[in-house]
2 protein chains.
Amino acid sequence: MVEAEPTALAPGFRAAGVACGLKSDGGTDVGIVACDAAAEIGSALLLTRNAAAAAPVRVCRERCDGASIRAAVVNSGNANAATGEQGYADAVAMQERCAAAIGVEAAAVAVAETGTIGVPLDVDRVLDGIDRAAASTGPAGGADFSAAIMTTDAGPKRCCITAGGVTVSAQAKGAGMIEPGYATMLCFVQTDAVVSDPDRTLRGAVAESFERITVDGQMSTNDTVLLQATGASGLPLPDGVLEAVLLQLALAIVADGEGASRVGRIEVRGAAEPGEAERVARAVANSPLVKTALYGRDPNWGRIAQAAGQALAGADIGELGPERVDADELGGDGPEAGLSIDLGRGGASAHVFFSDLTHDYIRINAEYTT
Amino acid sequence: MVEAEPTALAPGFRAAGVACGLKSDGGTDVGIVACDAAAEIGSALLLTRNAAAAAPVRVCRERCDGASIRAAVVNSGNANAATGEQGYADAVAMQERCAAAIGVEAAAVAVAETGTIGVPLDVDRVLDGIDRAAASTGPAGGADFSAAIMTTDAGPKRCCITAGGVTVSAQAKGAGMIEPGYATMLCFVQTDAVVSDPDRTLRGAVAESFERITVDGQMSTNDTVLLQATGASGLPLPDGVLEAVLLQLALAIVADGEGASRVGRIEVRGAAEPGEAERVARAVANSPLVKTALYGRDPNWGRIAQAAGQALAGADIGELGPERVDADELGGDGPEAGLSIDLGRGGASAHVFFSDLTHDYIRINAEYTT
């Protein structure tokens, strides 16, 4: 497995990013990623389960063929969430404009948006941006595309890996409102490998990457993960490659969590069943007392025991003392802390990566204005 | 309904608080509250459901007759949680020493402890304190008792109300690790009213007070609420008096939440059923994005919609726009903010009071050392 230039795209894909004026700083904010016209495409599209899902998510649910997505059109700076019928119509217009510009069916175009909730979209600017982006897509457009999907991210999140004769490239964004539903943010993945069941493959890889992270326990209204596979290489996707790509991007999101200074990894062992292990791991990872201990470098294992006990309220788990809770690295010097707890109830385990809760998190979110 | 001197005790009760040396500042840290020897007592004892419950909670579960508790013995400065077999034995010793000192059966003495988790209890100091406290209990001891149960509280939380010829007095503590299980902190309630079903009466009042608040979403290992009723007045408890007493103390706990500068009240209407209303209210009340918006006085209704949508993940609730989310007071000048959301799914409603998430919360919890 070899890491290529992180902005590279898998063969058979092209992308672009342009500035249409949604971002007040003039940054790129409209992007398109698409497979070549000749490519045969298999795809999978995972969307947030948030009941207050944004317009583009509902357009994807209702007007896309998730198994044959040829292109994704994305804007940042406006989430187009809680924007009413006009917002839905705007997302449909984005889908149709992109489809027309690159010459595919509208149902083959996924729409994703990210940014502020509840602000009407300046759709004319976006549609103009789509025209310009569509006209400029190319195999070197990965850098502009990954910049065009950023919001509060400290930097672009992208990677490209080659293995077994195939290439997997991916671009992601996300820093706040991060807690898995299906996915947790925006992520676009391209490959020339043969992927016989893209949906199952993507769900499996997401379960071990984006489903394993949390920043603030808040499931977004706009989460979207898209996998596009052309099969042009004629070769299968080697085991672990997609997982490695998505895990790298997922960890980049946690490390770039709003205000984050450290990353923790809580491993729960000895659970009665996998769901229980995951519930306890999430409770620990989202506890503000554990997250402030991670920030303050305080090896306070009692807070881990308390959070686990809350997740198992009413159960009999005996005493969760220091012989069963390893919190030493909470107090360490490193940027990461590996933590574990043994529930002593069975053989199931689960882990979650999480960021700390810091003064910068408060500053960012108390000062961020609608 | 008349408020009496808040440190007063209901007739037929006596209390005391002494310093035994658990608190490094020499503050009072051992307290006893008991009914007079001649009193007939009916009682109810509610305990945390946290599976990592502290030793005193397990002693109460296993060795107390919750319906006829004559006295409670409490220490602050050490939670006696995750302290192993020795911790359990220490809590039993506290129960037995208090019972002997005041001349009642051990099963009639509730034990409560609060403070740091995971530190062995200096039980000899506590037992000495129990002897001294038992020797000094009196009808004027409410002030010392309520001071003896404090930990990070900014001040004592106590109140006394007379109504319909009866008196209800209560003392509570709590600032962090506040999220309802059964109860959320320590609270002791005394009355000379006739209470025919203390358990049902207490559960009903707790459901509308301590069950309606959150500071940090963290269910404590030590929560305990005790109601003691002698019936000596021969008069019934007027409707609403116990509820008023407990709500006053519950709101004092939220207002004194760790680092809190403002209190929010989220009202969820139009839910399909009460459990759904409560789930959504708790999701909003515990969202760090809503809590930082409360701190930053940002009327960001999108964060309320997002949290509600997460709590209802997978459901179809239509658009949660500003016509259904009232977040105006988030941005107001006042110390309190009344917020509401209408789910449009039915006729059920629920509300939760919550504190904001501030720099002081981070400071307190990142700098607090085990």
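How crowded by other chains is B:295-301, given as the mean number of beta carbons from other chains within 10 Å of each beta carbon?
5
Using only Cα atoms, tell me the angle between helix B:123-135 and the longest principal axis of chain B; keep it within 0 to 90° and round to the nearest 10.
70
Quick check: the distance between the Cα centres of segment B:328-348 and segment A:212-248, to the nearest angstrom?
So the two Cα centres are separated by 38 Å.
Can you pull the mean other chain C-beta count within 10 Å for peptide B:115-124?
Taking the mean over all residues of the peptide, I get 2.
Which of B:Ala38, B:Ala255, B:Ala207 moves the most in a Gaussian network model of chain B with Cα springs under 10 Å?
Taking springs between Cα atoms under 10 Å, the residue moving most is B:Ala38.
If you add up the charges near B:Glu367, with Lys and Arg at +1 and Asp and Glu at -1, over every other residue whose beta carbon is less than 13 angstrom from its beta carbon, what do you get?
Taking every other residue near B:Glu367 into account, the sum is -1.
Please name whichever of A:Gly309, A:Pro335, A:His359 sits farthest to the positive end of the charge dipole of segment A:303-370, dipole taken about the Cα centre and charges placed at Cβ: Lys and Arg +1, Asp and Glu -1.
Towards the positive end, the residue furthest out is A:Gly309.
Measuring from a point 7 Å out along Cα→Cβ, what nm distances, shortest first, does A:Arg200 have to its partners in the other copies?
Label-point distances to the other copies, shortest first: 5.6 nm.
Which residue, B:Gly12, B:Gly309, B:Gly347, tops the fluctuation ranking in a GNM of chain B built on C-alpha contacts under 10 Å?
Taking springs between Cα atoms under 10 Å, the residue moving most is B:Gly347.
Among A:Glu105, B:Glu278, which comes first, second and so on when ranked by fewest other beta-carbon atoms within 10 Å?
Arranged by neighbour count, lowest to highest, A:Glu105, B:Glu278 become A:Glu105, B:Glu278.
Under 10 Å, Cα contacts only: if you run a Gaussian network model on chain B, which one of B:Ala91, B:Ala110, B:Ala315 comes out with the highest mean-square fluctuation?
Evaluated over chain B, the most mobile residue of the options is B:Ala315.
If you line up the long axis of helix B:241-255 against the longest principal axis of chain B, both from Cα atoms, how many degrees apart are they, to the nearest 10?
With rounding to tens, the tilt is 70 degrees.
Given a cut-off of under 8 Å on Cα pairs at least six residues apart, what relative contact order in percent is computed for segment B:263-367?
48
What percent do you get for the relative contact order of segment B:89-139 when only Cα pairs under 8 Å and 6+ apart count?
With pairs under 8 Å counted, the relative contact order is 46 percent.
If you rank A:Cys187, B:Cys160, A:Cys60 by fewest surrounding Cβ atoms within 10 Å, what's the result?
Going from least to most buried by this count: B:Cys160, A:Cys60, A:Cys187.
Label-to-label distances across copies for A:Ala154, with labels 7 Å out along Cα→Cβ, in nm, shortest first?
3.4
Considering only the other residues whose Cβ falls under 12 Å of the Cβ of B:Ala91, what net charge follows from Lys and Arg at +1 and Asp and Glu at -1?
For residues surrounding B:Ala91, the net value is -1.
About the Cα centre, and with charges only on the beta carbon of Lys, Arg (+1) and Asp, Glu (-1), how big is the dipole of the protein assembly as shown? Nearest 20 debye, please.
200
Roughly how tilted is helix B:301-311, in degrees to the nearest 10 and between 0 and 90, from the longest Cα axis of chain B?
70
7 Å along Cα→Cβ for the label point: how many nanometres lie between A:Pro236 and each equivalent label in the other copies, listed shortest first?
In ascending order, 7.6 nm.
Step through the residues of segment A:188-198 one at a time and calculate ³J(HN,Hα) from phi using the Karplus curve (6.51 cos²θ - 1.76 cosθ + 1.60, θ = phi - 60°), rounding each to whole Hz and writing x for Gly and Pro.
Karplus-based 3J(HN,Hα) across segment A:188-198 equals 10, 10, 10, 8, 9, 6, 7, 10, 6, 10, x Hz.
Can you give the mean number of other chain Cβ atoms that lie within 10 Å of the Cβ atoms in peptide B:51-61?
Taking the mean over all residues of the peptide, I get 4.
When you count, for each residue, the other Cβ atoms within 10 Å and take the mean per peptide, how do A:228-238, A:292-302, B:220-230 rank with the highest first?
B:220-230, A:292-302, A:228-238
Within 10 Å of each residue's Cβ, count the other Cβ atoms and sort A:Arg282, B:Arg58 from fewest upward.
Lowest count first: B:Arg58, A:Arg282.
Let me have the relative contact order for segment B:2-255, percent, based on Cα pairs under 8 Å that are six or more residues apart.
This gives 27 percent for segment B:2-255.
Readers should treat all values here as calculations from the given coordinates under stated rules, not as data from a laboratory. The shown structure was predicted, so the numbers you read here are calculated from the model rather than taken from an experiment. Please note: Cβ atoms are built from the backbone with ideal geometry, for glycine as well, and neighbour counts cover all protein chains shown.
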